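Notes follow the structure.
The values are calculated or read from the model by the stated rules, or taken from the named source; none is laboratory data. Predicted, not measured: the structure shown is a model, and the values here were computed from it. Positions of Cβ are generated from backbone atoms using ideal geometry, with glycine treated the same way; all protein chains shown enter the neighbour counts. To get the accessible areas, we keep the full protein, side chains included, count just its heavy atoms, and leave off ligands, DNA and RNA. Shrake-Rupley method; radii C 1.70, N 1.55, O 1.52, S 1.80 Å.
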Amino acid sequence: MKDTAMEFQKTPGWLDWYAGASRPRFKLPAGAVDAHCHVFGPGAEFPYAPERKYTPCDASKQQLYALRDHLGFARNVVVQATCHGADNRAMVDALADSGGKARGVATVRRSVSDAELNAMHAAGVRGVRFNFVKRLVDFTPKEELIEIAGRIGKLGWHVVIYFEAVDLPELWDFFTSLPTAIVVDHMGRPDVSEPVDGPEFELFMKLMRDHANVWSKVSCPERLSQSGPPALNGEQNAYRDVIPFARRIVETFPDRVLWGTDWPHPNLKNHMPDDGLLVDFIPYIATTPDLQRKLLVDNPMRLYWPEEATGR
Ligand code: 0GY
């Protein structure tokens, strides 16, 4: 992986995002929020971080907002991706160009100044992300993360955590000591070949049950599924093995769930999803209009645009 000044070579085998997304059959409720998506670069304008573990294809704010409109979303939450490290300029630039229709989740180090945090708040950042997925980031000491959580909590921000289910026991004490709202990416990445009422997923359910500040994104069936999309296996319900897990969370904690496309889908090895089909997955996991409205509108509005939330 050799880069010239502003030219980045994609990680070998990198799958580019799919540009031909179908128009979903499922009609999203008015005001729906795509609460987990990213921008990548463009590298020539916003260089990828030297410490990154992968180099993606570019995925710009214009392309993200075109997808938003095509799918029928009203707003986005743009989550800082690890390929940009703690350089949040691409994400903040996307927020600035959204006309108030995007909010952000940043990555910061202990060295971030109060002035920088305040500037990010003014730009629309409302959370920081702590990543524990070892293939994506190097280890950050817990004391540093606790210090950051204390500082951003004063701004009313929350912490987004990304980890794999096998690591939850070891991370439990740390997560449950965080003082802010906590949003878990992709249901804590359960192994969906295990039973939905098995010990691994029960531990995640317990985390949410015992800690009312913990929320979950019921996102990324394409990442978690072992049965795969219809094009690969001919099944009617794409990613059907993920349905019981996501549905259980949505039905047990309807006021603490979020949904996002995860566009442009970093690090997928086998297939690149059609984002229209991902939207069509939603009614399998949120099966009533009431659950769908909470998942897609009320909950993300409460967390990211509380000043506009209707408080239903
Ligand atoms: C995701 C998932 C992944 C990557 C990142 O920031 C990132 O690099 O989040 C992944 O590789 O599982 O949520 O986008």
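Please list, ordered by first then second residue, the pairs with beta carbon atoms under 7 Å, 6 or more apart or interchain, first in the range 119-140 and within 11 Å of the ligand (Cβ to nearest atom), second among the hydroxyl-bearing types (Ser, Thr, Tyr) and not in a strand (DSSP E or B). Partner pairs satisfying both residue conditions: Arg129/Thr107; Asn131/Thr82; Leu136/Thr82; Val137/Thr82. Being touching a helix residue (DSSP H, G or I) at 6+ places or on another chain (Cβ under 9 Å), part of a helix (DSSP H, G or I) and in contact (Cβ under 8 Å) with a residue 12 or more places away in the chain: is that true of Leu145 here? So Leu145 passes the test. For the range 299-312, enumerate the residues that are over 22 Å from Phe245 (Cβ atoms) and of a type outside the set (A, V, I, L, M, F, W, C). Selection gives Arg302, Tyr304, Pro306, Glu307, Glu308, Thr310, Gly311, Arg312. Screening the range 156-170 for residues that are away from the ligand (no atom under 14 Å from the Cβ) and open to solvent by 50 Å² or more (accessible area, probe 1.4 Å) and picking the one that is nearest to Asp185 (Cα to Cα) gives Val166.
Looking across the range 42-66, the residues that are assigned to a loop (DSSP other than H, G, I, E, B), touching a helix residue (DSSP H, G or I) at 6+ places or on another chain (Cβ under 6 Å) and not aromatic (Phe, Trp, Tyr) come down to Ala49, Arg52, Pro56.
Determine which member of the set Asn76, Asn118, Asn88 is under 27 Å from Glu143 (Cα atoms), touching a strand residue (DSSP E or B) at 6+ places or on another chain (Cβ under 7 Å) and modelled with pLDDT of 95 or more. Result: Asn88 is the single residue among Asn76, Asn118, Asn88 that is under 27 Å from Glu143 (Cα atoms), touching a strand residue (DSSP E or B) at 6+ places or on another chain (Cβ under 7 Å) and modelled with pLDDT of 95 or more.
When residues in the range 75-115 are screened for being open to solvent by 30 Å² or more (accessible area, probe 1.4 Å) and part of a helix (DSSP H, G or I), 6 of them pass.
Within the range 113-148, being within 21 Å of the chain's Cα centre (by Cα) and basic (Lys, Arg) holds for Arg126, Arg129, Lys134, Arg135. You will find that of Arg103, Arg110, the residue that is among the basic types (Lys, Arg) and more than 14 Å from the chain's Cα centre (by Cα) is Arg110 and no other. Selection of first residues in the range 47-68 that are farther than 18 Å from Asp274 by Cβ and of second residues that are open to solvent by 60 Å² or more (accessible area, probe 1.4 Å) and of a type outside the set (A, V, I, L, M), restricted to Cβ pairs under 6 Å at least 6 apart or on distinct chains, gives the following pairs, ordered by first then second residue: Thr55/Lys10; Lys61/Asp97.
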